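**Student:** Got a structure here, written out as structure tokens. Questions coming.
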Amino acid sequence: MARYAPQVALRPGYLARWLRSRSLPDLGVPNLGPREATPPTFFGAYGQWIGTPPPTWSDLAWLREQWGGPFMVKGITRPDDARRAVDVGASAISVSNHGGNNLDSTPASIRCLPGVVDAVGDQIEVLLDGGIRRGSDVVKALALGARAVMIGRASLFGMAAGGECGVTNVLEILRQGVSETLLGLGHASIHELSPEDILVPAGFAIDQKV
Ligand SMILES: Cc1cc2nc3c(=O)[nH]c(=O)nc-3n(C[C@H](O)[C@H](O)[C@H](O)COP(=O)(O)O)c2cc1C
């Protein structure tokens, strides 16, 4: 298992640069600009994103055609949107409210998962992200029909605490937690999981008949 190694580093170069410039360094986002050009700054790109109208379903169909490879639409919470993602030719969707960051009071993605799986689970790979903090969270999502989960903040917590080693440690904790939960449930593999493995309180799953 990777060992957690706290990383404390003094970086006089950062201080010197800050003293010289009198402003915080801006991050660059090289993947958003042409290959050889100076990359847009993070805040520049963010401002442009905020000012750009959200993509339409026909934009996604166009993008799908341009790309030609595996194509996941992230941020699906409703069965009707899940069906549209199938229609534009996506190969996967992630049931997600983007970690609850974009719109207050959106339902947790795990509550949206069963309705989406019912609607399109046999036509497209359904993943889930949002709120995965321990192995048993992974198991709950898989039992409710997700093919896989993604994590956001858990990996960042690890990175803040211990850099690359901290992220590895988070993945190891999750992996270990999945194994322990499977053991507790009496299963040899995640492929044996089904909704019968968990108790879902009445009204928990959001079954929007749309
Ligand atoms: C710092 C940060 C930045 C994020 N930026 C984006 C983004 O630009 N686009 C996006 O779709 N989701 C973004 N997300 C949401 C994640 O992709 C993901 O949906 C979310 O973190 C999953 O929830 P979790 O953090 O509880 O695991 C961001 C999340 C964090 C923590």
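**Student:** Residue by residue through the range 129-184, note down the ones that are within 16 Å of the ligand (Cβ to nearest atom), in a loop (DSSP other than H, G, I, E, B) and open to solvent by less than 60 Å² (accessible area, probe 1.4 Å).
**Tutor:** Answer for the range 129-184, where residues must be within 16 Å of the ligand (Cβ to nearest atom), in a loop (DSSP other than H, G, I, E, B) and open to solvent by less than 60 Å² (accessible area, probe 1.4 Å): G130, G131, I132, A146, I151, G152.
**Student:** Testing L103 on (1) surrounded by 17 or more Cβ atoms within 10 Å (Cβ to Cβ); (2) within 15 Å of the ligand (Cβ to nearest atom); (3) aliphatic (A, V, I, L, M), one condition comes back false. Which one is that?
**Tutor:** It is condition (1) that L103 fails.
**Student:** Only one residue in V116, V88 is surrounded by 17 or more Cβ atoms within 10 Å (Cβ to Cβ) and either farther than 18 Å from A141 by Cα or in contact with a Lys or Arg (Cβ under 6 Å, 6 or more places away or on another chain) (or both). Which one?
**Tutor:** After applying the criteria, what remains is V88.
**Student:** Within the range 109-128, restricting attention to residues that are within 14 Å of the ligand (Cβ to nearest atom) and free of Cβ contacts under 8 Å to residues at least 60 places away in the same chain, which residue is nearest to the chain's Cα centre (by Cα)?
**Tutor:** L128
**Student:** Restricting attention to the range 19-68, which residues are under 21 Å from the mean Cα position of the chain (by Cα) and surrounded by 12 or more Cβ atoms within 10 Å (Cβ to Cβ)?
**Tutor:** Listed by number, the residues that qualify are V29, L32, F42, A45, Y46, W57, L60, L63, R64.
**Student:** Whether any residue in the range 29-43 is farther than 22 Å from S94 by Cβ and touching a helix residue (DSSP H, G or I) at 6+ places or on another chain (Cβ under 7 Å) is what I want to check. Spell out the reasoning first.
**Tutor:** Narrowing the range 29-43 to residues farther than 22 Å from S94 by Cβ: 30, 33-43.
Checking the rest, the ones that are also touching a helix residue (DSSP H, G or I) at 6+ places or on another chain (Cβ under 7 Å) come to 39-40.
Within the range 29-43, one or more residues are farther than 22 Å from S94 by Cβ and touching a helix residue (DSSP H, G or I) at 6+ places or on another chain (Cβ under 7 Å).
**Student:** Same structure again: Filter the range 185-194 for residues that are part of a loop (DSSP other than H, G, I, E, B) and either among the hydrophobic types (A, V, I, L, M, F, W, C) or surrounded by fewer than 16 Cβ atoms within 10 Å (Cβ to Cβ) (or both) and give the result. Before you say what the answer is, go through the steps one by one.
**Tutor:** Filtering the range 185-194 down to residues part of a loop (DSSP other than H, G, I, E, B) leaves 186-189, 193-194.
Answer for the range 185-194, where residues must be part of a loop (DSSP other than H, G, I, E, B) and either among the hydrophobic types (A, V, I, L, M, F, W, C) or surrounded by fewer than 16 Cβ atoms within 10 Å (Cβ to Cβ) (or both): G186, A188, S189, L193, S194.
**Student:** Which residue, of R35, R20, is more than 14 Å from the ligand (Cβ to nearest atom) and outside any helix (DSSP H, G or I)?
**Tutor:** On the way: R20 fails: outside any helix (DSSP H, G or I).
So the residue among R35, R20 that is more than 14 Å from the ligand (Cβ to nearest atom) and outside any helix (DSSP H, G or I) is R35.
**Student:** Just one of S58, S109, S94, S21 is modelled with pLDDT of 95 or more, small (G, A, S) and more than 25 Å from M150 (Cβ to Cβ); which is it? Walk me through how you get there before you give the answer.
**Tutor:** Numbers: S109 fails: more than 25 Å from M150 (Cβ to Cβ); S94 fails: more than 25 Å from M150 (Cβ to Cβ); S21 fails: modelled with pLDDT of 95 or more.
Step by step, each of S58, S109, S94, S21 is checked, and only S58 is modelled with pLDDT of 95 or more, small (G, A, S) and more than 25 Å from M150 (Cβ to Cβ).
The values are calculated or read from the model by the stated rules, or taken from the named source; none is laboratory data. Since we're looking at a predicted model, the values are computed, not measured. Note that we place each Cβ from the backbone using ideal geometry, even for glycine, and neighbour counts take in every protein chain shown. Note: accessible area is taken over every heavy atom of the protein model, side chains too, but ligands, DNA and RNA are not part of it. Shrake-Rupley method; radii C 1.70, N 1.55, O 1.52, S 1.80 Å.
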